[in-house]
């Protein structure tokens, strides 16, 4: 029996299961082939909640609503319940897939660390999650309760990567020859880069995280779009053109984004723009 797992075929009902098993045996020559059915999501959204737990002091605080409305509140509550049951101690993100057709949440994983999207949570709560995480690690507890966490406004984060969106996102290491970051109300840039910085080919291609906060989602979108367009970054190719395109797309503005949107709709539209 192979130790690996291979997705052989998407099955749209029990009537297709026999064909899947037959194909598995034929292609991989498994005499004891094991079929593991997994749910297929046709239209899904990835959602999650950021938490910090300090269960040596019996406390857990959740900090994020990754999507607005009832779905966001459900992911928020699910994140709290899971972390409480696990007696979680650290910063982390509980991630789910939301099946749009079935209107159900399905657990994916817990990223047991500070998450790359943590600036969004910080902007809408006014809390310093890095400081809170270090406080917990030092054995001092979280330092606040759930009732102290209040959400204000809406925040959006864009990852700026040294990749070429016009060429299948191939890495684009190189030296930064022009560097004028955007500024303005509600704009934040988390980065290690600077003028003359050499983006290396060996590690993650992310140059920085650009964050915009507004009173609501519409204002946050307008601010992030202006910040993307104002960002003067030359040298390596970056994902800034794609980010600008997405921020202007009707689907994004009307919140019709799913896990397949970029592949099925966004990139084909981007290639024609």
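Structure notes:
- Test: residue in region 154-165 that is in a loop (DSSP other than H, G, I, E, B), touching a residue at least 40 places away in the same chain (Cβ under 8 Å) and in the same structural domain as residue 233 (by TED's automatic domain parsing): yes
- Taken as a whole, the structure leaves residue 219 outside the set of residues that are touching a helix residue (DSSP H, G or I) at 6+ places or on another chain (Cβ under 8 Å), modelled with pLDDT of 95 or more and surrounded by fewer than 18 Cβ atoms within 10 Å (Cβ to Cβ).
- Residue tally, condition over 23 Å from the mean Cα position of the chain (by Cα) and not in a loop (DSSP other than H, G, I, E, B), over region 166-213: 6
- Unique residue being farther than 16 Å from residue 247 by Cα, buried (at least 16 other Cβ atoms within 10 Å of the Cβ) and modelled with pLDDT of 95 or more when the list is 211, 160, 207: 207
- From the list 250, 259, 239, the lone residue that is surrounded by 16 or more Cβ atoms within 10 Å (Cβ to Cβ), out of contact with any helix residue (DSSP H, G or I) (no Cβ under 9 Å at 6 or more places or on another chain) and under 27 Å from residue 44 (Cβ atoms) is 239.
- The residue that is nearest to residue 191 (Cα to Cα), counting only those in region 124-152 that are surrounded by 15 or more Cβ atoms within 10 Å (Cβ to Cβ), in contact with a helix residue (DSSP H, G or I) (Cβ under 8 Å, 6 or more places away or on another chain) and modelled with pLDDT of 90 or more, is 129.
- Selection count where residues are touching a residue at least 40 places away in the same chain (Cβ under 8 Å) and surrounded by fewer than 11 Cβ atoms within 10 Å (Cβ to Cβ), scope region 184-199: 1
- Boolean, residue 147 is in contact (Cβ under 8 Å) with a residue 12 or more places away in the chain, farther than 30 Å from residue 267 by Cβ and either in contact with a strand residue (DSSP E or B) (Cβ under 8 Å, 6 or more places away or on another chain) or not in a loop (DSSP other than H, G, I, E, B) (or both): no
The values are calculated or read from the model by the stated rules, or taken from the named source; none is laboratory data. Note that this is a predicted model, so its numbers are computed, not measured. Note that each Cβ is placed from the backbone with ideal geometry, even for glycine, and that neighbours are counted across all protein chains shown.
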